[in-house]
1. Only one of 71, 4 is in contact with a helix residue (DSSP H, G or I) (Cβ under 9 Å, 6 or more places away or on another chain) and on the phi < 0 side of the Ramachandran plot; which?
2. Pick out, from the chain, the helices (runs of 4 or more DSSP H) lying fully within it that include 1 or more residues that are at pLDDT 90 or above.
3. Check 27, 60, 22 and return the single one that is surrounded by fewer than 16 Cβ atoms within 10 Å (Cβ to Cβ), touching a Cys at 6+ places or on another chain (Cβ under 9 Å) and not polar (S, T, N, Q).
4. Pull out all pairs, ordered by first then second residue, where Cβ-Cβ is under 6 Å, the residues are six or more apart or on different chains, the first lies in segment 1-29 and is in contact (Cβ under 8 Å) with a residue 40 or more places away in the chain and under 19 Å from residue 39 (Cα atoms), and the second is surrounded by 10 or more Cβ atoms within 10 Å (Cβ to Cβ) and aromatic (Phe, Trp, Tyr).
Amino acid sequence: MPPAPTLLAVAGLTREECDSDEELESEGGELRAVSAGVHEMHANLMIANMSFTDFKEAAEEDPQGTFRGFAV
């Protein structure tokens, strides 16, 4: 089976919105996500249940560096 297509998710933070360069580096950035994971990201970010960093860390744990959703 071919790999699932991924989407690029980018944190839209600017330096002016952050208190420090360290905050920008930790809270900003980008990650790849499968389409099923995008809904999970959107829902949790909209209600401020999770931060973009939570999703970046989950993507870093994947062998291909892709956010695939959280196992239930």
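1. Only one candidate passes the filter, namely 4.
2. Helices (runs of 4 or more DSSP H) meeting the threshold: 35-46, 52-61.
3. On inspection, the qualifying residue turns out to be 27.
4. If the second residue must be surrounded by 10 or more Cβ atoms within 10 Å (Cβ to Cβ) and aromatic (Phe, Trp, Tyr), the pairs left are 11/52.
The values are calculated or read from the model by the stated rules, or taken from the named source; none is laboratory data. What you are looking at is a predicted structure, and each value in this text was computed from that prediction instead of being measured. Every residue, glycine among them, receives a Cβ derived from its backbone with ideal geometry; neighbour counts consider all protein chains shown.
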